[in-house]
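S.K.: If you scroll down you'll find the structure; I have some questions about it.
Here, each number is a calculation from the coordinates, and none is a lab measurement. In this text, all values refer to a predicted model and were calculated from it rather than measured experimentally. All Cβ positions, even for glycine, are placed from backbone atoms using ideal geometry, and neighbour counts span all protein chains on display.
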Amino acid sequence: MKRELSAILVFLLVFSASLTLTQAGFPPRIEKVTLVHYLAQSSGPPAWDENEDDYRLIAGGVRWWDVPVVYVVNLKGSGLEEANSLGDLDKDGKDEPDALEILQLASEEWDDGDYSGWGGVTVDLFEEDPETTDKSTVGMDGVNLILWSDLDEGVIAVTHLWFIPSMKKIVEFDIEFNTDYDWSLTGEYGKMDLQNIATHEFGHAVGLDDLRPPMDWALTMYAYSDFGETMKRSLGLGDQLGVEDLYED
């Protein structure tokens, strides 16, 4: 009992000190977490499905305060720069690179749930119609950036997330996709499906952590993916419950 009271007292002192420094004009402390999306090891899927209700929150429940979130995309190195044959995927009447429209579908799956039709959340999480950029440096600089980079073998993508722990507030994210893999917009065999992987990464961007138990293999936030996989495009029950926990009061 004494140990529990001591832990509570330490937390209150740290929180009070952080609040006092912020009120005094000192900038709040910002932390960074890096989440790695790995290539799945070849083994048959367990006998569970997307109806599992598991989810994990990053750092106990950090979330965006200022929405909708704007992000920009650097397609260099993706192999998808010139792809523009799939039509108006996001149904906005604009002629845009297919990859941008696919990324919007991925981000909006967490927002309005339009791709799978699950209904989404009431909060408008992401700004539509992302723009392209030549920016190619990952780091906390006020820009939410998506780009392709030369990552380690076996790593499909990485999401970097910056947040203020004392406020449970997300302030920025960057997403890197690995140039070592061939990327597809249509779930081609032997390639990484952009919408599948991006939907997972946007899950980190809204505040959800990876899932690793084998029973969660069919959920979007499962930590491993494979070539030609498309199941993560649609949120499973646990993914839906997670984003609702963060953004539905």
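S.K.: With both bridge residues required to lie in region 29-247, what share of the DSSP beta bridges run antiparallel, to the nearest 5%?
M.R.: Looking only at bridges with both residues in region 29-247, the antiparallel portion is about 50 percent.
S.K.: Could you list the residues of region 95-128 with an amide nitrogen less than 19 Å from a label point located 7 Å from the Cα of Glu229 in the Cα-to-C-beta direction?
M.R.: Once the point is set 7 Å along Cα→Cβ of Glu229, 103, 106-107, 109-110, 116 turn out to lie under 19 Å by backbone N, inside region 95-128.
S.K.: While we're looking at this one, here's another question. Separation between the Arg29 and Glu128 pseudo-spin-labels, each 7 Å from Cα along Cα→Cβ, expressed in nm?
M.R.: 4.1
S.K.: Pop the C-beta distance of Gln41 and Asp150 into the FRET formula with R0 = 30 Å and round what comes out to the nearest 0.05.
M.R.: 0.85
S.K.: Next question, about the same structure. For labels at Glu244 and Met215 in the simple 7 Å Cα→Cβ model, what's the distance in nm?
M.R.: Roughly 1.9 nm, to one decimal.
S.K.: Contact order normalised by length for region 29-247, with contacts defined as Cα pairs under 8 Å and 6 or more residues apart; what percent is it?
M.R.: Relative contact order, region 29-247: 33 percent.
S.K.: Out of Leu80, Gly154, Leu103, whose Cα points farthest toward the positive end of the dipole of region 57-182 (charges: +1 Lys, Arg; -1 Asp, Glu; placed on Cβ)?
M.R.: With unit charges placed on the Cβ atoms, the residue in question is Gly154.
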